[in-house]
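As structure tokens, the structure follows; a few thoughts come after it.
Values quoted throughout were computed directly from the atomic coordinates according to the rules given, and no laboratory measurement underlies them. All figures in this text were calculated on a predicted structure; none of them were measured in a lab. Positions of Cβ are generated from backbone atoms using ideal geometry, with glycine treated the same way; all protein chains shown enter the neighbour counts.
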Amino acid sequence: MERITNRFVSYEYYDWDRLNSLINDVEVKGIILGDFFCYERMFENGVADLILMIKRVLESNKVLVYQAPLFVTSRNMNEVRSVLGMMSRAAKESFVIVQDFGTSEMVKKDFGNLKLVWGELGRVREFRYSDKFFEFIKDRGFYGFETGDDGMIERLREYNIVPFVTASFFTYKTLGRECYLKYQTGKCAPMLCKSGCFKLKAKQVDYEMTIDGYMMGKTYCYLPDEKIKAIEKEEGIVLITNEV
């Protein structure tokens with residue numbers, strides 16, 4: 001039997017056939033379960049399937065990674081804590097990807113045997129990270145750091161943070177970040193805009209990043225195959241592949 005690689009896999013939609021296929025695949029080391037916004041989009045039976053599939057992975061020889069929601073609030077706090085509690089009680093190496101320090105503090109305080117990974121949606125808008133930020137991440141007890149930039153691997157290693165390199169980094173759009181008039185006229189001219197700056201207007205209206213759980217304008221940017229193969233062979237790196 002071939003050795004298990006350092007590849008972790010995440011599907012946008014799971015059913016039991018897909019999950020069992022991953023569990024039986026010797027080329028897969030870990031399985032990522034959890035959606036940023038909507039479990040109903042990821043699983044036929046929503047959070048019920050999430051719980052059952054997490055249990056199945058914990059009982060297998062695969063490593064479990066839980067993708068925590070982008071926003072952990074009073075609305076879903078009990079649900080998230082239930083998942084973390086089940087993972088913690090399993091006493092098995094498992095990871096939690098978070099995008100905010102409130103969730104990370106909860107994991108560290110109450111479920112300290114789970115390993116924290118800073119998620120790619122925790123990135124700054126400019127996609128740049130200072131040395132101070134890496135120092136802060138390390139001081140806050142993070143084990144890994146998710147990124148679609150393979151050029152960050154060596155920087156992360158300098159801080160003894162494990163790179164979780166995603167082979168399919170994604171971009172997305174949200175309302176309020178673009179000047180649509182500029183697309184039409186080639187310049188930003190507030191006097192020509194009947195509604196004023198859209199960025200200002202967006203502060204007074206409700207708007208969403210998703211429609212029915214799907215992130216608006218989401219586009220995958222894939223690393224070249226040669227880079228993926230090189231990363232997969234390296235020790236001390238986790239390679240994440242995202243499957244539709």
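Worth pointing out:
- Model label zone, ARG41; criterion: amide N under 20 Å from point 7 Å along Cα-to-beta-carbon; scope segment 79-107: 79-80, 97-100
- Prolate/oblate/rounded label for segment 63-104 (Cα gyration tensor, a/c 1.5): oblate
- Dipole magnitude (debye, nearest 20) for segment 11-132, charges at Cβ of Lys, Arg, Asp, Glu: 500
- Extending 7 Å from the Cα toward the beta-carbon at both ASN160 and THR219 defines two label points whose distance is 4.1 nm.
- Cβ-based exposure ranking for PHE164, PHE95, PHE36, PHE170, in which fewest neighbours within 10 Å come first: PHE170, PHE36, PHE95, PHE164
- Computed FRET value (nearest 0.05) for LYS108 with GLU235, which takes r as the C-beta separation and R₀ as 35 Å: 0.85
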